[in-house]
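Reviewing the structure listed below.
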Amino acid sequence: MSTASILLVEDNPDDVLLARRALDRCDLSSGLVVAGTGEDALELLDGKGSAAGLRPAIVLLDLQLPGIDGIEVLRRIRADAKTRTLPVVVLSSSRTPQDVTACYETGANGFVQKDMDFDRFQAAMGALTAFWLRVNVPPVPPP
Amino acid sequence: MKKGRLPSGSDAGQLRARAEERLRAREEAASLRTGEEADALRLLHELQVHQVELELQNAELERTRDELEASLERYTDLYDFAPVGYFTLARDGGIYSANLAGADLLGVPRARLLGRRFGTFLPPAERAGFDAFLTRTLDDTQREACEVTLDPGIGAKRIARIEATASPSGKDCRVAVLDVTGQRAAEAEIRRMNEGLERMVAERGAELEEANAELEAFVQSVSHDLRAPVRAVSGFSQVLAEDFGDQLPPVAADYLRRIHEGARRMGALIDDLLRLSRIGKAELEITTVDLAGPCREILAELAAGSPDRRVETVVAATIPVRGDARLLRVMLQNLLENAWKFTAAETAARIEVSSRLGADGQRETDISDNGAGFDMTLVGKLFVPFQRLHSADQFAGTGVGLALVDRIVRRHGGSIRAESIEGSGATFSVRLPAPREEGP
């Protein structure tokens, strides 16, 4: 089983760069793996059928993705026994109550709005990711 | 003598009196007054009286007969030319008599109608029902009504309303047949037009809803799509300033600051646009809300946010209205923030919230300040989104706040107006439905 601290599922290269920069500043960017689509992310987690899948300490998931969207990725992560207990934090530029509700109902562990102010975004990312990486130790998936 | 049957007793008495009087006149001419002669004459007189009496009676009878004939003719005319078909029907539906209108309705000359069964003019499917109707009428001896289709064979089918009453003997019944084809057609037409109208309203409503939903989706998606590039501009300008700020000449740093500020404002505009569009579709949860509480809370928050300012605030003890508590708080937040913002330059700033109940059951609430105010000639631009009456240097803002307020008030079926003397302050008057028990 390959290990990675953080799996970032994000298609916008600017947002990837800004997220990397924000995590960098919080000393959290080591072991960052980026998937550009939901399909790529699920494939990484699944390990392409043969090899063991990626087991990050946290998944940062964008909602608006090309192909299958963030909610569907989340649903599939929760439906698979191997990935069911992965902490998933949703990153979204939308913050409509419907979106937030849908995320939590589908099993998200957290919701961060991509703030247009970089400092605030950095602070939110840092705090959340630090919690999932350093404070909360993810439970071991059942055999 | 036997009195005539036709003239009544008193009439007969009068007749006799008149006959006797006439004879007396004749007798006076012949003045014979002897014994036997007198008897014969008396007998003759009696006979003559009878004769005259009979003549008069006869004349009376003729006159009565003429009257009866005239009367019969009148009623026959009424019967025949009535706009309603009249029939006398036997228990089996056989036609005993019919008026002309009735014959016309059945499309058969009256002479050929007698003896035929009324049921044969009905479509086969309705015949058993009509027979039962006749039986019911005759057995219950009361007025019954039903509606049938008349199929005269030649010509168009008619819809007829039938009212029947059994004759006292219970052997036949009198039937009135009213042609209601036109009436039913008109009713059907009205129904059809109503349905058309309803369908049209529903279609238009659906179209409107669809257009609204499309617009909503458009605003949402544009806002979200706009956010990404704005976030990039804002984020990278911040990162650039952080990482390379010390290497930039002061002019470049200033440009960078302006880029970042522009992106920040753009972001705020997009957020406000989203908020504005969400107000339009939010479901209202109407309860009784006391605006005084939120007013005091918001003013306290504003005071806590700028501890260096001293603002005198006065809020009415209670301001009960009917509305959505969450939206009304957004409304108050915007109005009070405005009042707070535009009194920033006042040394003795004052914000007052007062309220009164209007005669129409609406509660009018005034939010007044003694701040900068605005030019009343521009009042029309006040509630238009993104229209600002002051430059951004003077007072910050995106120009969405009052548009938001206006939209919230209108969604509650209320209204808002603003008055100001530039330089002396402004008053915003919001009219909202008052709780019912408070109404006039």
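The values are calculated or read from the model by the stated rules, or taken from the named source; none is laboratory data. Quick caveat, the model's predicted, so the values are computed rather than measured. Here Cβ is always computed from backbone atoms with ideal geometry, including for glycine, and neighbour counts include all displayed protein chains.
Some observations on this one:
- Set B:G129, B:G119: member being under 14 Å from B:V177 (Cα atoms) and assigned to a helix (DSSP H, G or I): B:G119
- When A:L18 is tested against (1) within 22 Å of B:S221 (Cβ to Cβ); (2) in a strand (DSSP E or B); (3) touching a residue at least 60 places away in the same chain (Cβ under 8 Å), exactly one condition is not met: (2).
- The sole residue among B:T288, B:T347, B:T318 that is among the hydroxyl-bearing types (S, T, Y), touching a residue at least 40 places away in the same chain (Cβ under 8 Å) and not in a helix (DSSP H, G or I) is B:T288.
- Cβ-Cβ under 8 Å pairs, at least 6 apart or on other chains, the range B:40-54 side within 9 Å of B:A19 (Cα to Cα), far side small (G, A, S) and part of a helix (DSSP H, G or I): B:V49/B:A19; B:V52/B:A19; B:E53/B:A19
- Scanning the range A:81-109 for residues that are of a type in the set (A, V, I, L, M, F, W, C), under 21 Å from A:M125 (Cβ atoms) and touching a residue at least 24 places away in the same chain (Cβ under 8 Å) returns A:L86, A:V88, A:V89, A:V90, A:L91, A:C103, A:A108.
- The set of residues from the range B:343-380 being among the hydrophobic types (A, V, I, L, M, F, W, C) and either surrounded by fewer than 21 Cβ atoms within 10 Å (Cβ to Cβ) or at pLDDT below 90 (or both) comprises B:A344, B:A345, B:A348, B:A349, B:L357, B:A359, B:A372, B:F374, B:M376, B:L378, B:V379.
- One residue alone among B:L269, B:L274 is of a type outside the set (S, T, N, Q) and touching a His at 6+ places or on another chain (Cβ under 9 Å), and that residue is B:L274.
- Inside the range B:254-283, residues that are polar (S, T, N, Q) and outside any helix (DSSP H, G or I) make up a count of 0.
- Odd one out for A:A22, checked against (1) buried (at least 19 other Cβ atoms within 10 Å of the Cβ); (2) away from every other protein chain (no Cβ under 14 Å): (2)
- Under the condition of being among the hydrophobic types (A, V, I, L, M, F, W, C) and under 28 Å from the mean Cα position of the chain (by Cα), the residues counted in the range B:212-249 number 0.
- Only one entry of B:G245, B:G262, B:G235 meets the criterion of being surrounded by 16 or more Cβ atoms within 10 Å (Cβ to Cβ) and either within 12 Å of chain A (Cβ to nearest Cβ) or more than 30 Å from B:G155 (Cβ to Cβ) (or both), and that entry is B:G235.
- A single entry from B:R91, B:R63, B:R143, B:R74 fulfils the requirement of being modelled with pLDDT under 90 and out of contact with any Ser or Thr (no Cβ under 9 Å at 6 or more places or on another chain): B:R74.
- Number of positions in the range A:89-108 that are more than 13 Å from chain B (Cβ to nearest Cβ), of a type outside the set (G, A, S) and touching a Lys or Arg at 6+ places or on another chain (Cβ under 8 Å): 1
- Every condition in (1) within 30 Å of B:A98 (Cα to Cα); (2) within 14 Å of another protein chain (Cβ to nearest Cβ) holds for B:D225 except the one numbered (1).
- Restricting B:E216, B:E195 to residues that are part of a helix (DSSP H, G or I) and under 24 Å from B:I279 (Cβ atoms) narrows the list to B:E216.
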